[in-house]
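Please treat every number below as a calculation from the coordinates, not as lab data. Everything numeric in this text was worked out from a predicted model, so none of it was measured. Reconstructed Cβ throughout: ideal geometry from the backbone, glycine too, with neighbour counts over all protein chains shown.
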Amino acid sequence: MSWGVRTGTASVERVDGMDFPDDFLWGAATAAYQIEGSPLADGAGASIWHRFCHTPGMVRDGDTGDVACDHYHRWPEDIALMRRLGLQSYRFSIAWGRVLPQGTGAVNEAGLDFYERLVDGLLEAGIAPNATLYHWDLPAALDDCGGWLNRDSADWFAEYAERVFRRLDGRVKMWTTLNEPWVVMDGGYLSGALAPGHRNLYEAPIVAHNLLRAHGKAVQAYRASGAHRIGLVVNLEPKYPASDALQDRAATRRAHAYMNRHFMDPVFRGRYDEVLVQMFGAAWPSFPASDLELIRTPIDFLGINYYTRNVVRDDGGRFPLPVDRPVQPGATYSETGWEVFPQGLLDTLNWVRTRYGNPPVYITENGSAFYDPPVAQGGAVHDPLRMHYLRQHLRVLRQAIADGCDLRGYYAWSLLDNLEWAHGYSKRFGLVHVDFQNQRRTLKDSGAHYARVIASNGQCLFDEV
Ligand code: BGC
């Protein structure tokens with residue numbers, strides 16, 4: 001399926017007379033390095049993000065995750081906030097280096113204890129934990145051995161995953177291997193904007209492949225011991241040609257293969273897209289067929305992170321994506337420069353349904369950074385743009401279900417304002433405002449709206465506002 005030219009603002013159809021399924025899961029998501037703080041506490045080993053943030057010039061304003069939202073200490077307060085929102089599930093990630101400070105070998109029980117306390121606290125509050133094993137924070141000790149470039153990384157990851165499963169499976173019933181392997185590859189090893197900050201075309205396909213192998217091995221390890229569900233989280237961004245010109249259409253196919261099919265085709269179809277092989281040319285290695293068998297080990301669900309779309313115009317040059325993102329007249333853009341385009345979420349869900357056999361899907365991240373003041377004035381944060389974004393994206397979910405997508409739940413990104421990676425604390429995505437001077441949390445209007453959505457199982461999305 002290819003997406004046609006679509007410009008301008010999205011129009012979202014209203015689906016009358018249809019409710020969200022009773023068991024539709026409403027949640028919110030975070031990631032360890034972005035919120036926890038105390039990255040070296042209680043015997044934890046440093047991660048590549050700790051190192052990256054402490055390297056001058058890599059992160060805006062020299063911000064680090066040393067304190068972040070201090071969730072490492074304030075998790076009970078954060079669970080209370082989740083209850084206030086009415087969350088049914090909470091998606092968080094586990095810091096590999098807290099569990100295995102050197103990445104492999106000796107286990108740091110204190111690290112596992114932290115996550116055990118968190119999981120027990122969630123269960124007591126009636127919130128289902130959804131744990132991600134890898135949200136970008138590779139132990140620095142493993143980076144010293146080549147990180148994801150090392151073929152052994154798949155075994156390192158499976159060893160770590162098994163340790164965590166052994167301690168927490170039974171209480172955690174929803175697992176994710178990797179969060180957004182495309183971003184790890186593109187940001188970490190090609191553009192260099194994210195840790196570990198490499199810029200090397202030849203490294204990118206190797207890293208992608210090892211991440212996929214690591215995912216496959218962890219799923220197999222889980223099948224051997226775990227009793228619940230395990231999946232993968234990818235970020236998908238639909239690509240639309242800026243015009244009907246042949247060059248724009250070809251650039252769109254490349255952009256789509258590079259970002260969306262790079263990880264989906266191997267996992268669901270056991271092969272890489274030919275377009276990728278052509279794009280990377282001499283930088284594309286040959287991979288053993290048995291690797292692809294491992295990679296396509298069946299998963300129980302797919303997590304999709306959706307933020308924006310990309311209108312593609314060929315610019316004749318830069319690799320691997322010789323494309324331009326022309327500004328769309330009349331569109332709203334968030335603080336990260338991303339176009340607000342809810343129709344793209346619907347198109348993405350329908351693309352997954354038709355191309356990959358309608359797997360069970362959760363939206364595992366969706367949200368927006370808009371400006372909020374650093375200090376909540378009068379105990380409130382009015383964020384109409386974020387609220388509008390949330391509402392518009394939630395409304396299309398019901399259309400997706402009506403179209404036949406096996407959509408099981410939605411996690412807003414993010415529960416809390418947090419360290420937005422290389423942007424530091426300058427971009428706020430939270431439903432809950434965090435004052436980073438004193439760690440005070442304040443529910444934003446968007447958070448209050450989300451609480452109403454959950455309480456009405458989505459009904460209030462279709463009320464007049
Ligand atoms: C990541 C989050 C990030 C969010 C907003 C996703 O790519 O999983 O960690 O904060 O996008 O940029």
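The length gained on full extension between Ser456 and Asp42, counted as 0.36 nm times the residue separation minus their Cα-Cα distance, comes to 144.9 nm. Placing +1 on the Cβ of every Lys and Arg and -1 on the Cβ of every Asp and Glu, with nothing else charged, gives the chain a dipole about its Cα centre of roughly 620 debye. Taking label positions 7 Å along the Cα-Cβ direction at both Asp435 and Glu124, the computed distance is 2.8 nm, reported to one decimal.
Length gained on full extension, Ala402 to Cys145: 87.7 nm, using 0.36 nm per residue less the C-alpha separation.
Taking each residue as 0.36 nm, the span from Asp244 to Asn200 lengthens on full extension beyond its C-alpha to C-alpha distance by 12.6 nm.
Between the beta carbons of Phe287 and Ala224, assuming R0 = 30 Å, the FRET efficiency works out to 0.80 to the nearest 0.05. As a rough guide to protection, the peptides 173-182, 389-398, 35-44 ranked by mean Cβ packing within 10 Å, highest first, stand as 173-182, 389-398, 35-44. Distant-in-sequence amide contacts of Val311, defined by a placed amide H-H separation under 5 Å and a gap of 5 or more residues or a different chain, comprise Tyr240.
Here the peptides 342-354, 63-75 are ranked by packing, the mean other Cβ count within 10 Å, and the order with the highest first is 342-354, 63-75.
Going from the residue with the fewest nearby Cβ atoms within 10 Å to the one with the most, Ile299, Ile230 rank Ile299, Ile230. In this structure the amide hydrogen of Gly409, modeled in the peptide plane, comes within under 5 Å of the amide hydrogens of Leu25, Ile363, none closer than 5 places in sequence on its chain.
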